[in-house]
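K.L.:
Mind looking over this structure? Questions follow.
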Amino acid sequence: MPPVSKTCQSCADSKVRCVRDTDIAPCNRCCRLGKECQYRQKGRRFNGFQKDRKIAALESKINELKASRAGLEENDTRTRSASLADGDAVLEDIISRDFLDIETAERYLNTFKTKMTPHFPFVVVPPDVSIKELRQEKPFLCLAILASASFENMSLQRALGDEVKKVVASRMVIGGAISFELLQGLLVFLAWSHYHSRPHRYTQFIQLAVSLMIDLRLDRPPQTRSWKTELRFGLQYNLQNQPFNRPSWGSDEHRAVLGWYYLASSIAILVQKKSTILRFPYQEECCKSLQEAKEYPHDKYISYVIELQFISEKVDQLSARHEFELETPGSGSELYITNLKSDLEAFYRHLPFNLSESFLLSMQYHATCLSLYQLALNITNQESHSPFDPNSWREEMSFSAFISANSILTLYIKLPSKEEVGFNNTQWVQIAFALLVAYRHTMATSKPGQTAAFLDTLSKLGSRVGALSTSDVDMNGARDAFFDFKNRIVRIQNWLGGTGRQEDDTHIEESFEEFQHTSCLEPTHFDGFMGAAETGENFDVSLGNSFPSAGGLQIPNDFLSESSFEQIMHDWV
């Protein structure tokens, strides 16, 4: 029988105290009023869902503890490694397991400072900082630097690259960590991602860097007044918008903001992928601050590199937003391109130093020129009725493109031996971009003098890249990135030299498309380089006397076609 309440129904309805002399007798009030005294059945008092939630939480916690204990008993070493969330502990574990010793790590750090930073001056380690200090203060950045600078030992470098990925997964994906050091480490890892095992997953790591930029609010200055209405509630709420304050990392922050933009925007444009990186005013503020401070020697080039990337984005946006006009003869698209050419010419004229002072800046300049040229060439392929002379325009664009492509290749060939070990990933993509354009242009003209000059360039390139490759393999049996690059250069040499002409056309196209996965393509121009050509700067590749006129240049239908862009880079990025 269900329990009954001590209060009768009549007293409960009247909300008065129910008093009775015995447990079974009617209450005093019902006797006095002559009412029937009926007792109610007890009901469960509702206390909300708080108790149920606590029980469910406890059950869940017990299940987690049981699963964790089972995992520890099954494989204690594996669980300990997978659960590491501290970058310092990971790095110390690497050294304690004899991946490398302190002396070797110090040597790799010095290599990063002297050979690699000039090609990516967006993450700088002060000259007086040792490997021990860096391990203690910024362990993940230290790990990323060692993984990038250990190129002399390919198997070690691949192993350290895998450790970087494990830390990223543990700290960011599982642990949800947000820190400026993580951003710096990711930038270093991305800048030299070609050294690590494939697939590189460049876009995924860039998006992780984007998430850190957003969470750290690095798209705005440290103190900003927001135009958005703040959602705050309280008695002391002030309707006046208060300035938003966030931590500031000074010049390191400025470099990181610009380095993130450079890596994401340049690769997205070159391989024709959608870029989620936007230009915002704080980038220009960072450029100005670094330009004025001049804390390190390479800081003075950063603002100019970013300015060229801004122009590259204009070229890319012109192609995306005015596709119909560009494909329509006489639509005035030549005027768009002429304006961008003027921007590049003005950039070159107003440089306060010689362009050749910075290899990074020189490469960026010629690659930007080449991208605009590619866009212009698509127009010159059309029958045009515009005020521009189509023949003279085609001749100018073709000549400018060939000079731009050869300038990039010559810059590389003229460097001291082994200097290219410090190239960042974007620079290798730009070199492959130039190689592809020069190859297709040479094939289109079919002039013996130009072919001979290009074969000589290919021979020099093959020797340089071949010297970077070794016979070492990683744990998966894969060779280094330069092994495949060298093989593709050799295939182009064989084809242009005639040894490959017996092969059928399908095999030829497949071989070249295989080469393309280490190169890159996108719009570029070149007119400002004419100033460099006039002074002989960075240009000593012979064009021969057979450079075609407008009428002699027969450009194939697939010349720099968009359909090959994705195949160009394949798993390089």
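K.L.:
Using a Förster distance of 22 Å, how high is the FRET efficiency between ASP472 and LEU415, based on the Cβ-Cβ distance and rounded to 0.05?
P.N.:
E between ASP472 and LEU415, to the nearest 0.05, is 0.40.
K.L.:
Something else: Consider just the alpha-carbon atoms of the range 1-42 and return their Rg together with their Dmax, both in angstrom.
P.N.:
Rg, Dmax (Cα atoms, Å): 9.6, 29.
K.L.:
Mind checking the full-extension length gain between LEU278 and ALA293? Use 0.36 nm per residue of separation minus the Cα-Cα distance, one decimal, nm.
P.N.:
My answer for the length gained is 2.9 nm.
K.L.:
Past the 25 Å Cα-Cα mark, which pairs from LYS115/LYS341; LYS273/LYS300; LYS132/LYS165; LYS113/LYS414; LYS274/LYS314; LYS138/LYS288?
P.N.:
Check vs 25 Å cut-off fails for LYS115/LYS341; LYS273/LYS300; LYS138/LYS288.
K.L.:
In addition: Could you report the range 97-224's accessible area per residue, 1.4 Å probe, as an integer in Å²?
P.N.:
Solvent-accessible surface per residue comes out at 38 Å².
K.L.:
Oh, and also: How would VAL490, VAL125 rank on accessible area, largest to smallest, probe 1.4 Å?
P.N.:
Greatest to least solvent exposure: VAL490, VAL125.
K.L.:
Over the range 97-224, what per residue volume does the convex hull of the Cα atoms give, in whole Å³?
P.N.:
Taking only Cα atoms, the range 97-224 has a hull volume of 123 Å³ per residue.
K.L.:
So what is the accessible area of the range 1-42 per residue, in Å², with the probe set to 1.4 Å?
P.N.:
82
K.L.:
Give the Cα extents of the range 386-490 along the principal axes, in whole Å, largest first.
P.N.:
For the range 386-490, the Cα spread along each principal axis is 61, 28, 28 Å.
K.L.:
In straight Cα distance, which lysines are under 26 Å from LYS15, not counting same-chain residues fewer than 8 positions off?
P.N.:
LYS6, LYS35, LYS42
K.L.:
Also: Rounded to a whole number of µm²/s, how large is the Stokes-Einstein D of the range 241-280 at 4 °C and 1.567 mPa s, given Rh as the Kirkwood radius over C-alpha pairs?
P.N.:
108
K.L.:
Another question, if that's okay. Where the accessible area of the range 1-42 is counted over protein heavy atoms with a 1.4 Å probe, how much of it, in %, is carbon and sulfur?
P.N.:
Percent of accessible area from carbon and sulfur atoms in the range 1-42: 49.
K.L.:
Now for a separate question. Please work out how much accessible surface LYS414 shows to a 1.4 Å probe, ignoring ligands, DNA and RNA, in Å² rounded to 10.
P.N.:
Counting only protein heavy atoms, the figure is 110 Å².
The values are calculated or read from the model by the stated rules, or taken from the named source; none is laboratory data. Small disclaimer: the values here were computed from a predicted structure and weren't measured. Every residue, glycine as well, gets a Cβ built from its backbone with ideal geometry; the counts of neighbours run over all protein chains shown. Note: accessible area is taken over every heavy atom of the protein model, side chains too, but ligands, DNA and RNA are not part of it. Shrake-Rupley method; radii C 1.70, N 1.55, O 1.52, S 1.80 Å.
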